[in-house]
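Structure first, then comments.
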Amino acid sequence: MPRFHWLVVQEGQLPLRPDRHFAAFEHRPTVTLIWREGTAPNRENSLLVDPYFTPSGFQGAVETLRTKGISFAEIGTYFVTHQHYDHMLRLPIDSLHLPFQAVTEAPESIRAVSCPGHDADLRALAFTSTDDKRVWVVSDAVLDEEWLRAWGYYYPNQYSPEEIMQTWRSIGAIFADADVIIPGHGAPIQVNRTLVEALIADFSKAEYAKECPDVLEALRERLANLP
């Protein structure tokens, strides 16, 4: 099975916290570069996911890529997980010449997985990394680890009960398979016993948890298969 390198080039941040307070963060998504093992990133084999860059985030991304010997000019295509403004292509005005091209289908050997809830059309990308980990780039299906542990959803969106339950079921589907989760607005999350045990213990605080016993079942099944 083909394997892929991945690199977070802009780590996401979300000022609104699960306790409804605002932190002194810049609002920006996590931007991830994926490219096939055994190659250097180029227009044929690399994919940038959710490339909404703030000016400071873009400069940080340039430096992150430089440490790997990569430039933005070598990256060909990008993929948008869902049509919210803060995940669509946005570049500083002096970088608008970069030859990025959108794709709507996942490249071969990368799965696009429907993860509704936050957005009905949200698609995560799942692939095998060069160290044989199952990596899921899930965008806002998981906002960040703090939101995840709080069983929080982005309440300003005023979800319906069905959308809230879809959010939990998407989390269940992600945890059924992922070893590493790259969320929409935070650092990568390692799936381990400690995390899954905490999610199981706190699932009762999730709204409509009683209507989603399948989510708890998925988490317990994953826990049983973790070292």
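Computing Rg and Dmax of the Cα atoms in Å directly from the structure and comparing it against (1) 20.1, 70; (2) 17.1, 61; (3) 17.3, 51 singles out (3). Here the contact order of the chain, divided by its residue count and restricted to Cα pairs under 8 Å and six or more residues apart, works out to 18 percent. Placing a label point 7 Å from the Cα of Glu146 along the Cα-to-Cβ direction, the residues of the stretch 24-53 with a backbone N closer than 16 Å are 24-30. Could you please report the charge total around Leu143, scoring K, R as +1 and D, E as -1 over all other residues with beta-carbon less than 12 angstrom from its beta-carbon? So the surrounding residues net to -3. Full extension of the chain segment joining Glu105 with Glu211 gains 34.9 nm, where the gain is 0.36 nm per residue of separation less the Cα-Cα distance.
Here the peptides 79-88, 28-37, 122-131 are ranked by packing, the mean other Cβ count within 10 Å, and the order with the highest first is 28-37, 122-131, 79-88. Estimated at 0.36 nm per residue, the fully extended path between Asn42 and Asp177 surpasses their Cα-Cα distance by 45.7 nm. Summing charges over neighbours of Arg134, with a neighbour being any other residue whose Cβ is under 9 Å away from its Cβ, gives -2 when K and R count +1 and D and E count -1. Here's the list of lysines a cross-link from Lys68 could span, going by alpha-carbon distance under 26 Å and ignoring same-chain residues fewer than 8 apart: Lys133. The peptide list 195-202, 57-64, put in order of mean Cβ contacts within 10 Å with the highest first, becomes 57-64, 195-202.
Any read-out appearing in this document is the output of simple, stated calculations on the displayed coordinates, not a laboratory observation. Keep in mind it's a predicted model, so treat the numbers as computed, not measured. Counting neighbours? That spans all protein chains shown, and the Cβs are built from the backbone with ideal geometry, glycine included.
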